[in-house]
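Structure, as structure tokens:
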Amino acid sequence: MAYWLFKTEPQVFGIDDLAAIHPKSEPWDGIRNYQARNLLRDQVAEGDEVFIYHSSCAQVGIAGLARVASAAYVDPDQFDPESKYYDPKAEQDTPRWYRVDVVYQRTLDKLIPLKLLKQQEALVDMVLLKQGRLSVQPVRQEEWDYILTHLA
């Protein structure tokens, strides 16, 4: 099992939206960054654990937990001209974009703000603090455990 941090804008789809459809899973779509796509396609696996991270909002930080409910599969939105995720360069035999399904695990009692994460010596090498714009990020198990034990 691996650990991940998935970024989302809560005004578009946040932890509360994921909780509202529980126990159903939801496609984690809209990934249009090649590094994030490669992680989804090649490394994220069913059963992996995920921090749901709210970004581009007033309260930025880790809001809850989810579990990956499917292996990566081709994102069909890339082929739909009506979708905001349409990619005219994508072809059925050579898709460009992938997604996974996630299922809600829990909402944290309080959001763990980015500011607090930055203050932790144990998290100094966390991808979030070094490559903050990446929407799908690996989290080392020791970082995962530290956050849940000391900050959640």
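The values are calculated or read from the model by the stated rules, or taken from the named source; none is laboratory data. Only a predicted model underlies this, so the values are computations on that prediction, with no experimental measurement involved. All Cβ positions, even for glycine, are placed from backbone atoms using ideal geometry, and neighbour counts span all protein chains on display.
Remarks
- Single residue of the range 40-90 satisfying the filter (of a type in the set (Asp, Glu) and either touching an Asp or Glu at 6+ places or on another chain (Cβ under 7 Å) or not in a strand (DSSP E or B) (or both)) that is surrounded by the most Cβ atoms within 10 Å (Cβ to Cβ): Asp75
- Inside the range 43-58, residues that are under 21 Å from Trp144 (Cβ atoms) and out of contact with any Phe, Trp or Tyr (no Cβ under 9 Å at 6 or more places or on another chain) make up a count of 5.
- Helices (runs of 4 or more DSSP H) contained entirely in the range 92-152, each with at least 3 residues that are free of Cβ contacts under 8 Å to residues at least 40 places away in the same chain: 141-146
- Among the residues of the range 8-39, those identified as of a type in the set (S, T, N, Q), part of a helix (DSSP H, G or I) and under 20 Å from Asp77 (Cα atoms) are Gln35, Asn38.
- Residue satisfying all of: in the range 116-134; within 21 Å of Val68 (Cα to Cα) and at pLDDT 95 or above; surrounded by the fewest Cβ atoms within 10 Å (Cβ to Cβ) among these: Val127
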